[in-house]
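The values are calculated or read from the model by the stated rules, or taken from the named source; none is laboratory data. A quick note: this is a predicted structure, and the numbers were derived from the prediction, not measured. As a convention, Cβ positions derive from the backbone with ideal geometry for all residues, glycine included, and neighbour counts pool all protein chains shown.
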Amino acid sequence: MRTSLLIAALLIAQPASADWFDDIKQNGSATDLYRVLHAMPKGGDLHNHLSGSNFSEWLYDLALEEKKRGYVYFTKVRIENCVAYGSDEYGSAPYYLMFRTIMASEYEALNDCEKREYKSLEDLNATEKSGWLDSIHLDKPYEGRDEFFGTHWPRMNALGWNPWIQAETLYLNMQAFGAEGLSYLETQVSVAGFVNPDGTPMPSEQAVNILRERLQRDDAVATGVTVRMQISILRFLPGAEDHLRFVYRYVHDHSDLFVAVNMVGREDNDKGYPLRFLETLRDLRRQYPGVKLSIHAGEVDEPNDHVRDTLLLGADRIGHGLNLITDDDTMRLMRHGPYLVEINLISNLLLKYVSDYAEHPFPEYLRTGIPVALSTDDRGMWDSTMTDEFFVAVTEFNLSWEEIRTLSRNSLQYAFVQPGVKQQLLREFDERISKFELGMQKYGLARLPPMPPTRRFICTHYELCTPNAR
Ligand SMILES: [Zn+2]
């Protein structure tokens, strides 16, 4: 035991030479590189919205399975012009939105004309099903943030109110991330707004207990992925301060599972500007210890002070931080820590915050010593994986093996999980990555698993398409 510990310590102290990685980058194929990035241990995903991280086929299957609990779903497959004029296309239930999914209780309340516009999810024909599955993907060149912010959530709608679907998607994400070599997931969830099969409200505590119970089952434990959660609030709503008070207290009172509060919602809606929440957070800090903040900031096209202001709010991590590059003083402040920027390369491209990776500030942050980690954001809607994020980073920015290792380690080092658990995760990561490096040095690609099935983003954008790709 002592000897193996000593060997492990030596391995960590002296990382294996990474000539093998340079050789694969220079002489290998894109498939070779992808296999390496898929097989390597990767640390954690620190910026992940559970509701946006689900592949649409998961949601479809889970929605049908929920019939056993009495949840039955209908979706809009045609427009019969039942509402002549005056529909609210700017609200949460736009009339002309195809593939908006509702519960049976809402369906039953519709008039006969509107009922004809909907079909039960299980009755969709092949074309309608494929339309439903694609309706929550950002897969067309003309789609961007308006499609994402304005239609994806209104389409999923009632599926997001089912606590069992939330719990089951958490498990599926753990399984998928575990298979990619991740050991930690810090996902953003909601703890309010859940309903019973008849549409009546379900108390938060009951919905959270469903999540907890799912996490403790053997198959979830077997994924090897440790999970902690953040609760997010929509920052631009009129009652956002009250919601912030509720979730802050909730995280404090449930600190075994919930570790942080986040603020989400498009930043170009200026009603959610960071300093709006300064007094509320100062008041909350007078009352509750131990609640961390990771907050979306700088995910905009214009230069502004959002990252700096968000640090003043007390955030230890910044989501996206794209326009930090325009704020020289804050750039200086952030060099060599202690704050981390959660980088979401695929998200930023598909939501058109960068039109090309040459515009992305990630390499400047990484190579001036600003702590960064790669994360997946709403990967279900990009139809992508964590391996894809690394593939984009290596391909676009020529990452060294040392940098890949740093990114993965940062994703654990800057996690909000309890310190003892974090140390254990870091120890295990160091051992796994050292073992992986030795294996690569000794055997090269020979002992790596074959090319895994790829998903649509990496197939469309990098021509890495496998026959069994979705
Ligand atoms: Zn996000």
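Quick one: would you say GLU342 is in contact (Cβ under 8 Å) with a residue 12 or more places away in the chain and part of a strand (DSSP E or B)? Break it down into steps so the answer makes sense when it comes.
Values: in contact (Cβ under 8 Å) with a residue 12 or more places away in the chain: yes; part of a strand (DSSP E or B): yes.
Yes.
For segment 315-325, check the following and say yes or no: at least one residue is within 17 Å of the chain's Cα centre (by Cα), away from the ligand (no atom under 14 Å from the Cβ), under 20 Å from GLN188 (Cα atoms) and surrounded by 24 or more Cβ atoms within 10 Å (Cβ to Cβ).
No, every residue in segment 315-325 fails to be within 17 Å of the chain's Cα centre (by Cα), away from the ligand (no atom under 14 Å from the Cβ), under 20 Å from GLN188 (Cα atoms) and surrounded by 24 or more Cβ atoms within 10 Å (Cβ to Cβ).
Check ARG335, ARG308, ARG367 and return the single one that is on the phi < 0 side of the Ramachandran plot, at pLDDT 95 or above, in contact with a Gly (Cβ under 6 Å, 6 or more places away or on another chain) and more than 16 Å from the ligand (Cβ to nearest atom).
On the way: ARG308 fails: in contact with a Gly (Cβ under 6 Å, 6 or more places away or on another chain); ARG367 fails: in contact with a Gly (Cβ under 6 Å, 6 or more places away or on another chain).
Just a single option satisfies the conditions, and that option is ARG335.
Just to be sure before I move on: is THR466 part of a loop (DSSP other than H, G, I, E, B) and either surrounded by fewer than 17 Cβ atoms within 10 Å (Cβ to Cβ) or polar (S, T, N, Q) (or both) in the structure I sent?
Here the answer is yes, as THR466 does meet what is asked.
Might you check whether a residue that is over 23 Å from ILE318 (Cβ atoms), surrounded by fewer than 22 Cβ atoms within 10 Å (Cβ to Cβ) and in contact with a Pro (Cβ under 9 Å, 6 or more places away or on another chain) occurs anywhere in segment 169-179?
yes
Going by the structure shown, is ASP22 more than 16 Å from the ligand (Cβ to nearest atom), in a helix (DSSP H, G or I) and surrounded by 14 or more Cβ atoms within 10 Å (Cβ to Cβ)?
On the way: more than 16 Å from the ligand (Cβ to nearest atom): yes; in a helix (DSSP H, G or I): yes; surrounded by 14 or more Cβ atoms within 10 Å (Cβ to Cβ): no.
Judged against the criteria, ASP22 is not a match.
Name the pairs: first residue in segment 40-51 and within 11 Å of the ligand (Cβ to nearest atom), second residue part of a strand (DSSP E or B) and of a type in the set (Phe, Trp, Tyr), Cβ to Cβ under 9 Å, at least 6 apart or on different chains?
So the pair list comes out as LEU46/TYR184.
Any residue at all in segment 248-266 that is within 16 Å of the ligand (Cβ to nearest atom), within 21 Å of the chain's Cα centre (by Cα), modelled with pLDDT under 95 and among the small types (Gly, Ala, Ser)?
yes
Please determine whether any residue of segment 100-112 is hydroxyl-bearing (Ser, Thr, Tyr) and either buried (at least 17 other Cβ atoms within 10 Å of the Cβ) or in contact with a helix residue (DSSP H, G or I) (Cβ under 8 Å, 6 or more places away or on another chain) (or both).
Step one: filter segment 100-112 for residues hydroxyl-bearing (Ser, Thr, Tyr), giving 101, 105, 107.
From what is left, the residues that are either buried (at least 17 other Cβ atoms within 10 Å of the Cβ) or in contact with a helix residue (DSSP H, G or I) (Cβ under 8 Å, 6 or more places away or on another chain) (or both) are 101, 107.
Yes, there is a match, as at least one residue in segment 100-112 is hydroxyl-bearing (Ser, Thr, Tyr) and either buried (at least 17 other Cβ atoms within 10 Å of the Cβ) or in contact with a helix residue (DSSP H, G or I) (Cβ under 8 Å, 6 or more places away or on another chain) (or both).
Return the total of residues in segment 211-242 being in contact (Cβ under 8 Å) with a residue 40 or more places away in the chain and away from the ligand (no atom under 16 Å from the Cβ). Full working, then the answer.
We begin by selecting, within segment 211-242, every residue in contact (Cβ under 8 Å) with a residue 40 or more places away in the chain; these are 211-215, 217, 219-220, 223-232, 235.
Then keep just the ones that are away from the ligand (no atom under 16 Å from the Cβ); that gives 211-215, 217, 219-220, 223-228.
The number of residues fulfilling the criteria is 14.
From the list ASP45, ASP61, which residue is closer than 22 Å to LEU133 by Cβ and either within 27 Å of the chain's Cα centre (by Cα) or crowded, with 20+ Cβ neighbours inside 10 Å (or both)? Talk me through it step by step, then tell me what you get.
Values: ASP45 fails: closer than 22 Å to LEU133 by Cβ.
The unique qualifying residue is ASP61.
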